[in-house]
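Only the coordinates and a few stated rules stand behind these numbers; no lab work does. Every value quoted in this text rests on a predicted model; they were computed, and no experiment measured them. As a convention, Cβ positions derive from the backbone with ideal geometry for all residues, glycine included, and neighbour counts pool all protein chains shown.
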Amino acid sequence: MASFLKERENQIVTKGKDSKDLVGGKRSAAGSVSQRACVFCGSRVVLYPIADALHLVHGPIGCASYTWDIRGSMSSGPELHRSSFSTDLREKHVIFGGEKQLYAALHELIDKHQPKAAFVYSTCIVGVIGDDVESVCKRVTKEKGIPVIAVMAEGFQGTKKDGYKIACEAMFSLVGTDESKEVSPFSINILGDFNLAGELWILTEYYKRMGVQILASITGDGRVNDVQNAHRAKLNVVQCSGSMMHLAKLMKEKFGIPFIKVSYFGIEDMSDALYEVASFFKNEEMTESARSLVTDELMRLIPALEPYKRALQGKKAAIYVGGAFKAISLVKALRLIGMKTVIAGTQTGNTEDYRLLQAICDDGCILVDDSNPVELSEFVKLTGADLFIGGVKERPIAYKLGIGFCDHNHERKLALAGYEGMLNFAKEVYDTVMSPVWRFTKRR
Ligand code: SF4
């Protein structure tokens, strides 16, 4: 195997060869050029889909540019979230402070866009110069009569995962502040689905067929008032547990709402997500509806997957995604279409997540935490992977190495959740792996 930084030796494991646990949750090793994003970015991606809120990045323009409408989170109504406003801090603000600039920007933007709430993101430079963002937010809250929430997510203070936690706390300050929505006895909140390419709407339809009300979707197609009412749901259903577990735990502690962890990718996990909700409500009619929904969907889906499975039989896949739950679902989904996972890694998994991931992978699979482009390229060459599943930062790695790529990150425009999502996934994988273009390029 290619050499890697000594500090990272517990973060790379080959199943069947190494007996040690893969260690997750560590800070990135200096010099490793991690694929991870910063704390600010972690908080921004979680809060981004709240469509009727103002999102103001307090910092230099560069921080905001990364989050300007690059995500596929769709809204059925307002679209204020797609604009990433910035206070555009310059040298003079670094010297004299940026609080006045922030105060003026908040007033101007709230007057112009009439948002239901505002999130103010503190970035690295704000942490360095020491602007009192919280006191500016408090002042504007009083003056404008809407919640103005400081998201203290200076990029340097940890990892993207710390940003998730900070975002959960910002959101939690809204939960329980309104009781105006009607609530059914079978109400749930969906946590950790970001409505990429409209996936939330697929899930909402399934739950509706079972008689379940989605009280708040946090944060896909999110609304401030839904989050304010979220404390009245009977159950929190948490996907992407890396980003939303903290909010689920906070809501359990304060409001006594239990939670379950689910995934909506692949047949098995999607079906479990429906059955688990039905079993929570202990309602025979709902269980029956879930059963007939799953049967109908599978009768359509299984024959449709067959041609892809035949063509892809024995092909090898590399996975490098944000969280471990998604990686686990992907290993199962790939197996369903005849493919073998030879690399499985994540940016933010913890040691416990990796035990579960390791358990379902085949012998010889390389498992990796918090990787970098050099390592990932070496692993692809070593294992002969035919496909890379990742996000915007992994796409060039795949194409440079001459193999197919499937985007499974927030930028994608194709729904991959639910039963129709599984079929889209098979088609997408087939199109990229079997593309004739690979006959004309040299695989490295
Ligand atoms: S690391 Fe700091 S400067 Fe870079 S994007 Fe994040 S908050 Fe902005």
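Say R0 is 51 Å: what FRET efficiency, to the nearest 0.05, do residue 184 and residue 393 get from their beta-carbon distance?
So, using R0 = 51 Å, E works out to roughly 0.75.
The GNM of the chain, with springs linking C-alpha atoms under 10 angstrom apart, assigns the highest mean-square fluctuation among 149, 403, 61 to 61.
Pairs exceeding a 29 Å alpha-carbon distance, out of 17/332; 261/400; 20/381; 161/427; 144/249; 160/427: 261/400; 161/427; 144/249; 160/427. Over all distinct Cα-Cα pairs of the stretch 39-172, the Kirkwood formula returns a hydrodynamic radius of 14.5 Å.
Other residues lying with their Cβ under 12 Å from the Cβ of residue 93 contribute a combined charge of -1, Lys and Arg counting +1, Asp and Glu -1. For the stretch 340-444, the list of chymotrypsin sites (Phe, Trp or Tyr not before Pro) that fall in a loop by DSSP and count at most 10 other C-beta atoms within 10 angstrom reads 440. Could you let me know the centre-to-centre spacing of the stretch 43-74 and the stretch 163-235, using Cα atoms, in angstrom? Their Cα centres are 19 Å away from one another.
Between residue 86 and 57, the built amide H atoms are under 5 Å apart, and every one of these is 5 or more places off in sequence or on another chain. The stretch 271-328 and the stretch 99-153 have their alpha-carbon centroids 43 Å apart. Cβ-Cβ distance of residue 444 and residue 142, R₀ of 60 Å, FRET efficiency by 1/(1 + (r/R0)^6): the value works out to about 0.50.
How large is Rg over Rh for the stretch 321-430, taking Rg from the Cα atoms and Rh as the Kirkwood inverse mean of 1/r across Cα pairs?
Using Cα coordinates only, the ratio equals 0.92.
About the centre of its Cα atoms, the stretch 187-292 shows a dipole size close to 460 debye [charges on the beta carbon of Lys, Arg (+1) and Asp, Glu (-1) only; nearest 20 debye].
Translational diffusion of the stretch 187-292 was estimated from the Stokes-Einstein equation, with Rh taken as the Kirkwood radius over Cα pairs; at 10 °C and 1.306 mPa s the coefficient is 116 µm²/s. Convex hull of alpha carbon positions in the stretch 152-222: directionally averaged projected area 5.9 nm². The gain in end-to-end length when the residue 10 to residue 310 segment is fully stretched comes to 104.3 nm, 0.36 nm per residue minus the alpha carbon separation. Look at the dipole of the chain built from charges on Cβ: of 24, 374, 93, the Cα furthest out on the positive end belongs to 374.
Once the C-beta distance of residue 282 and residue 254 is scaled by a Förster radius of 22 Å, the resulting FRET efficiency is 0.35 to the nearest 0.05. When you filter the GluC sites (Glu not before Pro) in the stretch 17-121 for DSSP loop state and at most 15 other Cβ atoms inside 10 Å of their Cβ, you are left with 79.
If only the Cβ of Lys and Arg carry +1 and only the Cβ of Asp and Glu carry -1, the dipole of the chain around its Cα centre is close to 1060 debye. The alpha carbons of the chain give a radius of gyration and a Dmax of 22.2, 66 Å, in that order. Between 148, 368, 128, the residue with the greatest mean-square fluctuation in the GNM of the chain (Cα pairs under 10 Å linked by springs) is 128. Cβ crowding within 10 Å ranks 111, 88, 131 as 111, 88, 131, fewest other Cβ atoms first.
Loop-resident trypsin sites (Lys or Arg not before Pro) (DSSP state other than H, G, I, E or B) in the stretch 89-160 with no more than 14 further Cβ atoms inside 10 Å of their Cβ: 90.
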